[in-house]
Amino acid sequence: MPLNFEAAEARVIEGLPLRVWVDGEQRVAASQITRACRIDDAIANWYIEHYIDFVRTAVPEGRFYGVHDWSTAEGYTAEARSKLTQWTMANRKDFERVVIVMGAQNAIMRLGVSTARLALRAVGLRFDMAEDFAAALQELRDEGA
């Protein structure tokens with residue numbers, strides 16, 4: 001059964017180019033940057049302050065899969081990258097696996113995410129990069145089935 005995020009709990013984050021979904025049955029949460037922008041402190045702070053609580057409305061306990069479509073992002077600030085990496089590391093017990101979807105066009109951002117991936121994998125988190133959002137969602141769904 002394919003993931004159906006149109007029917008899942010969906011939320012557009014007011015004031016930010018961000019929307020999120022969670023499929024509690026599949027234990028998969030997704031986010032998507034909705035327009036070209038830099039991932040800055042405002043976006044990073046939303047993840048840090050609200051993401052896990054949002055997911056827990058549908059996945060009250062246990063680990064979950066996260067897939068984040070950042071393919072429209074033009075980059076991110078060093079502060080946002082540092083905050084998100086530290087936050088992910090601190091909350092790794094909540095994640096079964098994290099996948100960041102990125103376009104091949106942003107080599108500097110890919111390098112930064114690759115660096116974060118090395119740090120997160122070193123503490124045992126399954127953290128990967130992908131180029132196709134739909135394929136990444138399906139892969140996580142198949143893995144969690």
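We did not get these values from a lab; they are worked out from the coordinates using the rules stated. Being a predicted model, the structure only gives us computed values, none of them experimental. Here the Cβ positions follow ideal geometry from the backbone for every residue, glycine too, while neighbour counts run over all protein chains shown.
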Checklist outcome for this item: Rounded to whole angstroms and listed largest first, the alpha-carbon spread of segment 9-144 along its three principal axes comes to 35, 35, 27
Checklist entry - Modelled label-to-label distance, A78 and N45, 7 Å Cα→beta-carbon offset: nm? => result 2.0 nm
Checklist entry - When only Cα pairs under 8 Å and 6 or more residues apart are kept, what is the percent relative contact order across segment 9-144? => result 23 percent
Checklist entry - Order of E74, E131, E14 from fewest to most other C-beta atoms within 10 Å? => result E14, E131, E74
Next on the checklist: With θ taken as phi - 60° and the coefficients 6.51, -1.76 and 1.60, list the Karplus ³J(HN,Hα) couplings across segment 96-111 in order, rounded to whole Hz; mark glycine and proline as x.
Outcome noted: 6, 6, 10, 10, 9, 9, 9, x, 6, 6, 10, 5, 5, 5, 4, 5
Checklist entry - For R97, what is the net charge nearby, where nearby means another residue's Cβ is under 9 Å from its Cβ and Lys, Arg count +1, Asp, Glu -1? => result -1
Item to check | Sequence of L111, L16 once ranked by neighbouring C-beta atoms within 10 Å, starting from the fewest | outcome: L111, L16
Next on the checklist: Please compute the modelled spin-label separation between L118 and A10, points set 7 Å along Cα→Cβ, answer in nm with one decimal.
Outcome noted: 3.8 nm
Checklist outcome for this item: Non-local residues with an amide H under 5 Å from the amide H of A130, with H modelled 1.01 Å from N and Pro and chain starts lacking one, are I100, V101, M102
